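The values are calculated or read from the model by the stated rules, or taken from the named source; none is laboratory data. Owing to the predicted nature of the structure, the values given are computational and were not obtained by experimental measurement. So basically every Cβ, Gly included, is an ideal-geometry build from the backbone, and we count neighbours across all protein chains shown. These area figures cover heavy atoms from the full protein model, side chains too; ligands, DNA and RNA do not enter into them. Shrake-Rupley method; radii C 1.70, N 1.55, O 1.52, S 1.80 Å.
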Amino acid sequence: MAINARIIGTGRSYPEGILTNADLEKMVETSDEWIMQRVGIRQRHKAAEGEYTSLFAVRAARQAIERAQIDPAEIDLLICATVTPDQILPSTGCLIQTELGAHKAAAFDLAAACSGFLYGLTLANQMIRGSQSRCALVVGAEVLTRYVDYTDRSTCVIFGDGAGAAVLVPDEGGRGILSTRIRSDGRYAEQPFAPGGGTRIGHSAESITAGDYFFKMRGNELFKVAVRSMTEVSREVLEESGYGADAVKLFIPHQANQRITDAVADKLKVDPAIVYSNIEYHGNTSSASIPIALDECIEAGRINEGDLVLLASFGGGVTWGAVLLRW
Ligand code: UT7
């Protein structure tokens, strides 16, 4: 039987700080009613001053390692999916590696926005299938709120902070990752985007005053693209593995908007009861959203051995992907 990468431990972490819709009502012209109806978010976690991406990544990773019952020294591949790294150099992956004592790992960052965790799972799966890795750690971690303009109501109500992690090992018994698809289309590169802080615009006082490093998004233009692409890749991974949507026991989409989740589930014709949503409590945490949701599902006993689990994402770049696993 073929070798697949199988998740043997997960973890999650987020800041204690919470920003509610009532807090946002005091900051911009918005309402709890609008946010709940149009996006489905009630609250999001927000890092305090002095809290940073790798802090949450390490906490999530430690939990995943503990549950996987492995020694950090066994990890030979460490992928940190993030668009909000601690710093430009070194990678947040290398910082996490040091904190964990995962000294044998090849550690690096992967920038695929909200699809980063599924890109990471895809890469880890290929490395494990190719015998280049025996134990991989994939983390999705973000402190997005550092890049949020709290005077822009079209973005500030959406994003939250957090991290999720998964440990993967080879499995030859038919469990683990069955099929993956990752895609991108740079023609939508300005959706969402944060132009400042890099080599093109830099860190001048003018660019900071102009708010160039804040996230900008014309969300309604993305909505249909998100629904279409997540549905397409989900169908592809199911078809490749020879399953219909009715075989899926749990569907975890990226938590971008409850209406996107509902529309994708509707197009796929999956039973709403198997669709997981936690956007109400976390908002959109980009690359952290799927591993956080996965860890919550495991903790809540929503996944049993042998279940078919479908993960799908969409994010800046634009990037999208789907992963089908046999738990
Ligand atoms: O995860 C990364 C990828 N991102 C996505 O997938 C985001 C996809 N897009 C979305 O989730 C939604 O488009 C948003 C939640 C971002 C926006 O919801 P929408 O239903 O598409 O609203 P809209 O942008 O079309 O705006 C409708 C109205 C506008 O007012 P007018 O022009 O009709 O008077 C906005 O100014 O809603 C207004 N509006 C708000 N009103 C109250 C926009 N943001 C707010 C707000 N509170 N926070």
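Enter the accessible area per residue of the chain (Å², integer; probe 1.4 Å; all protein chains in place).
Numbers: 14050 Å² over 327 residues.
Result: 43 Å² per residue.
Note on LYS224: lysines with a C-alpha under 22 Å away, same-chain residues under 8 apart excluded, are LYS216, LYS267, LYS269.
If you add up the charges near VAL157, with Lys and Arg at +1 and Asp and Glu at -1, over every other residue whose beta carbon is less than 13 angstrom from its beta carbon, what do you get? Spelling it out: positives minus negatives among the neighbours equals -2. The HN-Hα couplings worked out from phi for region 49-60 by the Karplus form 6.51 cos²θ - 1.76 cosθ + 1.60 (θ = phi - 60°) are 3, x, 9, 9, 4, 5, 4, 6, 4, 5, 4, 5 Hz, whole numbers, x standing for Gly and Pro.
Keeping the other protein chains in place, figure out the carbon and sulfur percent of the accessible area of the chain, with a 1.4 Å probe. Spell out each step's value before the answer.
Values: 6910 of 14050 Å².
Here carbon and sulfur together make up 49 percent of the probe-accessible area.
Give me the net charge for the shell around GLU239: Cβ to Cβ below 12 angstrom, other residues only, Lys and Arg +1, Asp and Glu -1. List each step's numbers first, then the result.
Numbers: positive: ARG181, ARG235; negative: GLU232, GLU236, GLU240.
Residues close to GLU239 contribute a combined charge of -1.
Derived from the Cα gyration tensor, the three semi-axes of the equivalent ellipsoid of region 4-174 are 33, 16, 13 Å, largest first.
Amide hydrogen proximity for LEU178: with H placed 1.01 Å from N in the peptide plane, the residues at 5 or more positions away or on another chain lying under 5 Å are LEU324, LEU325, ARG326.
Can you give the Kirkwood hydrodynamic radius for region 253-327, in Å, rounded to one decimal and based on Cα pairs? It would help to have the intermediate numbers written out before the result.
Values: mean 1/r = 0.0778 Å⁻¹.
Its Kirkwood hydrodynamic radius stands at 12.9 Å.
In order along region 106-112, phi translates into HN-Hα couplings of 8, 10, 7, 9, 10, 9, 9 Hz, rounded to whole numbers, per the Karplus curve 6.51 cos²θ - 1.76 cosθ + 1.60 with θ = phi - 60° and x for Gly and Pro.
Is the shape of the chain best called rounded, prolate or oblate, per the rule: a/c under 1.5 gives rounded, else a/b larger than b/c gives prolate, else oblate, with a ≥ b ≥ c the square roots of the Cα gyration tensor eigenvalues?
Numbers: a/c = 1.66, a/b = 1.23, b/c = 1.35.
Note, shape of the chain comes out oblate.
Between ARG259 and GLU240, residue separation times 0.36 nm minus the direct Cα-Cα distance comes to 4.1 nm.
The Cα center of region 106-166 and the Cα center of region 235-266 differ in position by 20 Å. Computed with a 1.4 Å probe over protein heavy atoms only, the accessible area of LYS216 comes to about 60 Å². GLU33 exposes around 120 Å² of accessible area when a 1.4 Å probe is run over every protein chain in place.
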